[in-house]
Structures are given as C-alpha cells and as structure tokens.
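*Asks:* One structure, as structure tokens, below. Some questions next.
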Amino acid sequence: MRLTTLFIGLLISSTLAQTPLPSSSIKAGFAERDITPDIGSEQPGGYGKSFHRTFHDACKVRVSVFDDGRKTAAVIGLDSLVVPRQVVLDARAQIEKTTGIKGDAVLICASHSHSSGPVGMVLPGEYDGASDLVKKLAYEESSCAEAGYLLRLTREIVSGVVAANQNKVPVQLGFGFGHEDKVAFNRRLRMKNGQSWSHPGPGNPDILEYAGPIDPQVGVIGAWDLQGQLVGVIVNYACHATTNPGGISANWIHYLEKTIQGGLDTHAPVVFMQGACGDVTQVDNLSPNQRPKPEDWSRFVGGRIGAEAVRVLLSMPRGTTAPIDTRQEVLKIKRRPPSRKRVEKALAIVSQPKPAGDTSEWLFAKEIAMLDFLNKTSPLVDCEVQCIKIGPACFVSNPAEYFVQYGLDIKKGSQHAFTFPCELSNGIVGYVPTEEAFGPQGGGYETRLTAYSNLEITAGTQMAKKGIELANQMAAESKPEPPKAPPFGKPWSYGNVPPELE
C-alpha cells in the first residue's frame, strides 16, 4: 500500500513538473474592512435628520490593488453615500506614506448607499463662520457627518489598502461587459407641459416618455491566481443605491456580492464602483405594477446585476499582462449663486418655525440660506477627474452624482476597450445634470439649487471632456483573447460515418 501511494505521488510530481504554471507580469491583491455605523448614528441622504434604528447587513471598504512591476494603483469602493474630499486627501497621504502607492494612483468611489454611515451632507465645522441662524440650519436641521466616523472611515480605507497590497499575488485578469436592462430606469420623465420632472409618479396621465437613457452595461474585472482560484472581482454599474432593505446596509450591493460569491462558491471580495447614475434609479415611473417591498427590491436589483456579472466571469478569457497607468487633474468649477432676492426670501421663510405637513418650501429655503454662505466663502469647488488604466480597462472618475448621458459620452469618446465611469469619486459636489436639463424642456429635482448641488451648468461637460482627454493620453491595450485551437488533425472517428440504417 505504501509503495502504491509513493508511486502515485511520484507520478503526480512528475506530471506537475512537466506542466509548469503560467507566469504573469501583473499582481493583484484584494481586501475588505468593516465600516458599519452604530445604531443611533445619522442616516445620510436627505435634507433633514434621520437616524439608524436597526441593522440589516455590514457596510464595507472594498479594496483592489494592482501592480505591474512598474506602477501600483488602488481601486477602492465604499459602502457609503459619498466620500468627503478631506477623507480622500488624508487617506491618500497615509497610503503613500505606508505603502509607497502614490496618491494620484488611488481611486476612492462611494456606492451612494442611502442606508450607510454618517458621511454627510454637512461636514464638521463647515458652517462655523456663518450666522447663528445659518449655523442652526446646518447643524440642527440638516443631515450631518460625524467626525469620529470620518476618522474611522479614513483609517479603514488605509488599513484595507495596506492589507490588499500585502495580499498581492501573480494573477490572470479577465475583462468583460454584460447587459442588464431590467433593474434601472431614468427617473426623469418628459411631461405634457414641456418640462421634465423627477419621479412624477406611476400612472400620472401627463407623462409622455423617459427624459433620458440608462446605461445597461455591467462592467466586470475578474482576478484569478495562477492555480485558477478567484481572488477578487470588480463590478461597475449605474443605478442609485436607494432600495434600502431595512436598517443599516450596503443596500443592493449586499445582494450583488452574495449572488457572485454564492454563484461561484467563493469568498473572494467584490469591489463595487458606482457608474454615472445621477438620474437613474430602480424606480420605473412608467410601470403599472406595484413596487416591491424594500427587501425584495434589494434582492432583485443586486441579484440580477450579480447574476450577469457571474455570467461574464464564467465566459471571459484571461491574460497575464496588464500595464498600469494613471492621470489626474483637479478642475476649479464655479458655483451657481442664488440671487439676492431669492436669498432674502429664503431667510424670511427659515426665520419662521418649520411648518407641519409639507415642509418642501422651508427645506429648500434652508438650502438657499446655506448655499449663500458657501458661495461667499468658497465660490470655486475642487472637482477631481482621475483615470486609472488596468490593462484594457480604464476607470474614469468624477466627484458628482453624474447624469448617465455623460457616462455614455465618456465611453463613446474613450479609446479603451473597457471604460468604466465612476461617479461620487474622490470628493462630492452633488448632482451634475446635463446642460439640456437646464434648458426649456428641462427641470426636475436634480436641477434644484441647494447647498449640496450648485455647480455651473457646464460642469458636467467640463468633467466629461477632461475625463476623455486624460483617458486618451494613455495607450490602449489589447483585451485578452481565448487561446486558439491547435491545427486540424483528423475528424472524430466515432462520428465520421454515414447514416447506419440497418
């Protein structure tokens, strides 16, 4: 028995020696870190205060690091509503000091989960120089970030990058696009009055048609070690994370992750990078059907996108070279200032107590009063546009809730085989609609002037042009191709026969 076992072992060793593993010039590492907020912390995403009361699933920092032997880049997804600019700058400085990865090669993208931690809308100390009234409006009547949570977020981003960098192994990379058009819809609709409204409501007889497109592409990158084990996945898709399954949650991204990991029987991290979805959500205003419950909706959206990602991962060819390159530029973009008359009216409204019932007029007057302060103290806003190339894929970032048409424009203008627009990255500047949305047939919630969304109407075009320019400064790489079959030898002897009738 021992001789038989020894013989089999020698045979296996001999076979392995004759079949060397593939070599690779690209390394990748993945890691996760927990950023689940505490029960009782502020729930971001609205114009007033709301607090978390229950827990559904964990929120994470999701990290991928790529190293081609010449340059290293980190692509990071956060289960977070937004990522404040100062968090990005602080994290990059610590990452560069700790790992040597340059700050301009670190991309940090928020998923826009409305069920995540307290990262906005008002930042600590942001309105300390304002009048007592405006300070009260900002700190007591608005959604506010928690200083301790921002420090924790920064720390976990850095820790995740350090871990992913240490986890790097030679890999085979695959790249692909899937198609999912049943979970995302443009939430702006053209109305009979000539305007475009956001969420005018199902069954509204004045709706004519959708006012804009969606982007159904599911961008996917898969990384396998040289033994064929999946080590990490990146997914890029454009849809608001507003399904809110109940309590603290990564939102539908939780079910995206569960579907991929369950379908492939893996625990490999899934890094989600939010696409250009400023006007795209899971809500179909033209559907006559009742909307699903939040839990079911989250499963539906995340499950379908995850299933499409699995299909792409199973069919993509893999390669072992992926040159890395990066570009970055910070644009200075003007705010749209409210008129003096509008500011005076807003101050008169907010000087009175918030009314019972419909508070819309009071809330948006509050926003104008706060914006007036911001426009006086910081009339120009830093808007970073960053491009990171990983082989044939190029991530093109912006810090906005960016209208989907701009993402489509960037894809069309890019020379790279796989272009992944990433909104809400490296900072936050609010909604950035198309210029058409500000025209005679425009309108809707996203064009409202607030302390959150206020850039000049050409801001989106400026970011798109710069993103395309930076992307096209970097050489385009060929995408991996399946290995070719050997030359024809002879047909299968079992099958090269005429019909046998007797």
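Derivation of every value follows stated rules applied to the coordinates shown; laboratory data play no part. Keep in mind that what you see is a predicted model, and the values were worked out from it rather than measured. All Cβ positions, glycine included, derive from the backbone under ideal geometry; neighbour counts span all protein chains shown.
*Asks:* For K258, list the lysines whose Cα falls under 18 Å from its own Cα; do not include residues on the same chain fewer than 8 positions away.
*Replies:* K60
*Asks:* Here is a follow-up. Positive end of the dipole of the chain, charges at C-beta (+1 Lys, Arg; -1 Asp, Glu), about the Cα centre: which of L208, Q386, L173 has its Cα farthest in that direction?
*Replies:* Towards the positive end, the residue furthest out is Q386.
*Asks:* Sticking with this one: From the residues M273, F185, M463, which one has its Cα farthest along the dipole of the chain in the positive direction, the dipole being from +1 and -1 charges on Cβ of Lys/Arg and Asp/Glu about the Cα centre?
*Replies:* M463
*Asks:* Sort R70, R85 so the one with the fewest other Cβ atoms within 10 Å of its own Cβ comes first.
*Replies:* Working: R70 9, R85 19.
The most exposed by this proxy come first: R70, R85.
*Asks:* Please go through the residue pairs K49/K376; K71/K168; K345/K376; K182/K389; K49/K366; K168/K484 and name each one whose alpha carbons sit more than 21 Å apart in this structure. Working shown, then result.
*Replies:* Numbers: K49/K376 25 Å; K71/K168 13 Å; K345/K376 18 Å; K182/K389 29 Å; K49/K366 13 Å; K168/K484 29 Å.
As for pairs spanning more than 21 Å Cα to Cα, those are K49/K376; K182/K389; K168/K484.
*Asks:* Continuing with this model, one more query. Taking neighbour counts of Cβ atoms within 10 Å as a proxy for exposure, in what order, fewest first, do L123, L314, L256 appear? Working shown, then result.
*Replies:* Values: L123 18, L314 12, L256 29.
Least crowded to most crowded, the residues run L314, L123, L256.
*Asks:* For the chain, take the longest principal axis of its alpha carbons; what is the angle in degrees between that and the long axis of helix 459-472, to the nearest 10 within 0 to 90?
*Replies:* So the helix axis and the longest Cα principal axis differ by about 20 degrees.
*Asks:* I'd like the orientation of helix 360-377 relative to the chain: the angle between its Cα long axis and the longest Cα principal axis, in ° from 0 to 90, rounded to 10.
*Replies:* Roughly 80 degrees between the two axes.
*Asks:* Based on the Cα gyration tensor of the stretch 85-164, what are the three equivalent ellipsoid semi-axes, each the root of five times an eigenvalue, rounded to whole Å and given largest first?
*Replies:* Working: eigenvalues 169, 38, 18 Å².
Equivalent-ellipsoid dimensions as semi-axes: 29, 14, 10 Å.
*Asks:* Show log10 I(q)/I(0) for the stretch 35-106 at q = 0.20, 0.23, 0.24 Å⁻¹, two decimals, from a solvent-free Debye sum over equal Cα scatterers.
*Replies:* Treating every Cα as an identical point scatterer, log10 I(q)/I(0) equals -0.92, -1.07, -1.12.
*Asks:* Among (1) 45, 26, 22; (2) 94, 41, 23; (3) 52, 26, 22, which one is semi-axes √(5λ) of the Cα gyration tensor in Å computed from these coordinates?
*Replies:* (1)
*Asks:* Order these by the 10 Å Cβ neighbour count, fewest first: K412, K102.
*Replies:* Numbers: K412 9, K102 16.
Arranged by neighbour count, lowest to highest, K412, K102 become K412, K102.
*Asks:* Same structure again: For the pair S315 and T377, what calculated FRET efficiency results from E = 1/(1 + (r/R0)^6), where r is the Cβ-Cβ distance and R0 = 56 Å, to the nearest 0.05? Intermediate values should be presented prior to the final figure.
*Replies:* Values: r = 53 Å, r/R0 = 0.94.
It comes to 0.60.
*Asks:* Expressed as an acute angle from 0 to 90° and rounded to the nearest 10, what is the orientation of the C-alpha long axis of helix 85-99 relative to the principal long axis of the chain?
*Replies:* Between the helix axis and the principal axis of the chain, the angle is about 30 degrees.
*Asks:* May I pose another question? Name the aspartates and glutamates eligible as straight-distance cross-link partners of K334: C-alpha to C-alpha under 13 Å, and not fewer than 8 places from it in the same chain.
*Replies:* The reachable aspartates and glutamates, counting only those whose Cα sits under 13 Å from K334, are D382, E456.
*Asks:* Just to confirm the filter: which chymotrypsin sites (Phe, Trp or Tyr not before Pro) across the stretch 432-502 are DSSP coil and have at most 16 other Cβ within 10 angstrom of their Cβ? Working shown, then result.
*Replies:* Details: sites: F438, Y445, Y452, F488, W492, Y494; in loops: Y452, F488, W492, Y494.
Sparse-neighbourhood loop chymotrypsin sites (Phe, Trp or Tyr not before Pro): F488, W492, Y494.
*Asks:* Ok, one more. From the C-alpha gyration tensor of the stretch 349-490, pull out the three semi-axes of the equivalent ellipsoid (sqrt of 5λ each), sorted largest to smallest, in whole Å.
*Replies:* Working: eigenvalues 375, 51, 33 Å².
Semi-axes from the Cα gyration tensor: 43, 16, 13 Å.
*Asks:* Restricting to Cα atoms and excluding each atom paired with itself, what does the Kirkwood estimate give for the stretch 413-476 in Å? Present the calculation step by step, with values, prior to reporting the outcome.
*Replies:* Values: mean 1/r = 0.0747 Å⁻¹.
Every distinct Cα pair counted, the radius reaches 13.4 Å.
*Asks:* Continuing with this model, one more query. Normalising by the residue count of the chain, find the relative contact order in percent from Cα pairs under 8 Å and 6+ residues apart. Write down the numbers at each step before the final one.
*Replies:* Numbers: 1204 pairs, mean separation 85.7, N = 502.
Value for the chain: 17 percent.
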